Amino acid sequence: MEDLKLPILAIERLRMMTDGEGVTTLICSMNCPLRCRLCINPYTWDGTKASEVLSVDGLYERVKIDNLYFQTTGGGLTFGGGEPLVHSKFHAAFMEKYQSTGWAFNLESSLQAPFENLERVIPYISCYAIDVKDMEPERYREYTGGDFQVFFDNLMKLKDRVEEDKIILKIPKIPYLHKGDEQKENEEKLRKLGFSNIVLFNYVDPKKRKKLSETALENRGKLITE
Ligand code: SF4
């Protein structure tokens with residue numbers, strides 16, 4: 001097997017009912033192709049600044065401590081970031097190897113990746129928490145630096161391939177971007193497309209943003225393939 005490694009920012013244990021069933025552990029991996037203007041986690045942008053780099057077995061060793069919680073609550077692992085689809089080969093290999101644990105595997109993603117990256121993890125994921133940002137292409141680009149069409153095409157392909165109740169769409173109201181009814185309009189567009197599992201929330205401006213590294217800025221809007 002390819003020697004796959006996952007650079008991570010943090011591992012957050014004992015989350016309750018925030019992403020899928022039961023108790024979960026969030027694996028927050030490095031790298032994100034987006035550059036949201038109010039990014040909550042700009043540390044993830046520069047993959048060279050990981051706090052740890054783990055192998056497939058190394059990640060298992062780090063998270064197995066909560067096996068009993070996962071087993072008794074129907075919980076498991078949530079792969080987030082950054083953008084976890086940047087590391088889809090790693091995640092697919094991990095889930096393939098450890099699916100016999102019976103743990104649930106969830107994905108928190110902005111879907112800003114080539115479809116093949118998403119397709120690779122679909123066989124293993126129980127719950128998709130999708131970060132919508134915006135449904136208006138120009139506003140999406142202005143806020144994230146990314147390509148709305150990539151997000152949208154992936155979302156519709158995901159809808160075709162998995163049961164709708166596995167997909168949770170998270171629609172933020174972003175302080176400077178959404179001053180009127182934009183959040184509601186985004187929700188209506190998604191309902192018309194056939195989605196019903198929708199969560200609206202107020203996005204809190206992370207006040208203490210660090211100066212962005214040169215590497216992070218150079219990667220603005222680039223799709224990262226594997
Ligand atoms: S999707 Fe946006 S908010 Fe999330 S890590 Fe990437 S740039 Fe930051």
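The values are calculated or read from the model by the stated rules, or taken from the named source; none is laboratory data. As the structure is a computational prediction, the values presented were derived from the model and not from experiment. Ideal geometry is used to build each Cβ from the backbone, glycine not excepted, and the neighbour counts take in all protein chains shown.
Points worth noting:
- Test for Gly80: is it within 16 Å of the ligand (Cβ to nearest atom), modelled with pLDDT under 95 and among the small types (Gly, Ala, Ser): no
- Restricting Asp165, Asp160 to those that are surrounded by fewer than 20 Cβ atoms within 10 Å (Cβ to Cβ), out of contact with any helix residue (DSSP H, G or I) (no Cβ under 8 Å at 6 or more places or on another chain) and over 21 Å from Gly80 (Cα atoms) reduces the list to Asp160.
- Residue check, Val121 under 20 Å from Thr78 (Cβ atoms), touching a His at 6+ places or on another chain (Cβ under 6 Å) and in contact (Cβ under 8 Å) with a residue 24 or more places away in the chain: yes
- Residues within segment 186-205 that are surrounded by 14 or more Cβ atoms within 10 Å (Cβ to Cβ) and either over 24 Å from Leu38 (Cα atoms) or modelled with pLDDT under 95 (or both), tallied: 3
- Any hit, segment 107-116, residues being surrounded by 24 or more Cβ atoms within 10 Å (Cβ to Cβ), within 16 Å of the ligand (Cβ to nearest atom) and more than 23 Å from Pro137 (Cα to Cα): yes
Listed here are the residues, each with its yes/no results for (1) aliphatic (A, V, I, L, M); (2) near the ligand (Cβ under 9 Å from one of its atoms); (3) surrounded by fewer than 22 Cβ atoms within 10 Å (Cβ to Cβ).
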| site | (1), (2), (3) |
| --- | --- |
| Ile11 | yes, no, yes |
| Arg15 | no, no, yes |
| Glu21 | no, no, yes |
| Cys32 | no, yes, no |
| Asn41 | no, yes, yes |
